[in-house]
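The values are calculated or read from the model by the stated rules, or taken from the named source; none is laboratory data. Since the structure is predicted, the reported quantities are computational estimates derived from the model, not experimental observations. With ideal geometry, Cβ positions are generated from the backbone for all residues, glycine too; neighbour counts draw on all protein chains shown.
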Amino acid sequence: MAPEKSISELAELIQKNTKILEDGTKGQPGSDFSLAFTLPPAAINLDASLELVKKETIEAADELKARLLGPFLYMGSLFLPVPALIVIFGCLYHFEIASHIPTAPGSSITYEDLAARSGMPLDDLRRVVQTAIAYRVFEEAVPDVSVRHNGISGLLALAPGMKDALSILAEDNPNGARRFVEAVRRFPGSGEPG
């Protein structure tokens, strides 16, 4: 096993690799690695060597985050968001929130209009959408007034099959995960938990 890099070495690796990614994708759609909403969505093409650089960068960034937070806070960063994410994706699915936000780049909708279109109470909708924004899904056009799509939420509204994917995230995965321990206890050694 290689010796552990210092946090400054991890930061330098991230900086070096992001420069390689920027230089290697210059001129391509999506080369700014932005989450901005565009039509069609920017899909960056990476060759095998740049894919490896991207993977190494993501791993280094995750390790840097874990080490800066320390064991206790990092553990919390893994577990604490789970209930919020289940609520967010459940509401996005059941109230079809993404489909009620205009999909023309730069367009937005007020929270009041979005609540009326989705059938979700205004205060609950605002809380759910603002929590989603904290996880980089949607963005506010005018703080506390209106919301618009970004690249992530735009996929939820426009990509075929995303409603089914939301159903899996909001309904199927949490239910199956909650029953995993029970399945292991009831069927030990089955090789087919869940």
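Quick notes on this one:
- Qualifying positions in the stretch 127-150 - surrounded by 13 or more Cβ atoms within 10 Å (Cβ to Cβ) and among the acidic types (Asp, Glu): Glu139, Glu140
- Residues in the stretch 173-193 that are within 20 Å of Val87 (Cβ to Cβ), of a type outside the set (A, V, I, L, M, F, W, C) and surrounded by 11 or more Cβ atoms within 10 Å (Cβ to Cβ): 4 in all.
- Residue check, Arg148 among the basic types (Lys, Arg), within 21 Å of Leu39 (Cα to Cα) and outside the structural domain of Pro40 (by TED's automatic domain parsing): yes
- Residue tally, condition under 30 Å from Glu140 (Cβ atoms), among the acidic types (Asp, Glu) and either at pLDDT below 90 or not in a helix (DSSP H, G or I) (or both), over the stretch 1-44: 1
- Hey, Ile86 closer than 24 Å to Phe138 by Cα, under 17 Å from the mean Cα position of the chain (by Cα) and surrounded by 15 or more Cβ atoms within 10 Å (Cβ to Cβ) or not: yes
- Flag if Val128 is of a type in the set (A, V, I, L, M, F, W, C), under 20 Å from Ala42 (Cβ atoms) and touching a helix residue (DSSP H, G or I) at 6+ places or on another chain (Cβ under 6 Å): no
- Restricting attention to the stretch 1-25, the residues that are surrounded by 12 or more Cβ atoms within 10 Å (Cβ to Cβ), farther than 10 Å from Thr57 by Cα and aliphatic (A, V, I, L, M) total 2.
- Of all residue pairs spaced 6 or more apart or on separate chains, those with beta-carbon atoms under 8 Å, a first member in the stretch 123-145 that is under 17 Å from Glu96 (Cα atoms) and touching a residue at least 24 places away in the same chain (Cβ under 8 Å) and a second member that is surrounded by fewer than 17 Cβ atoms within 10 Å (Cβ to Cβ) and of a type in the set (Gly, Ala, Ser) are Thr131/Ala84.
- Restricting attention to the stretch 23-66, the residues being farther than 28 Å from Leu78 by Cα and in contact (Cβ under 8 Å) with a residue 40 or more places away in the chain number 4.
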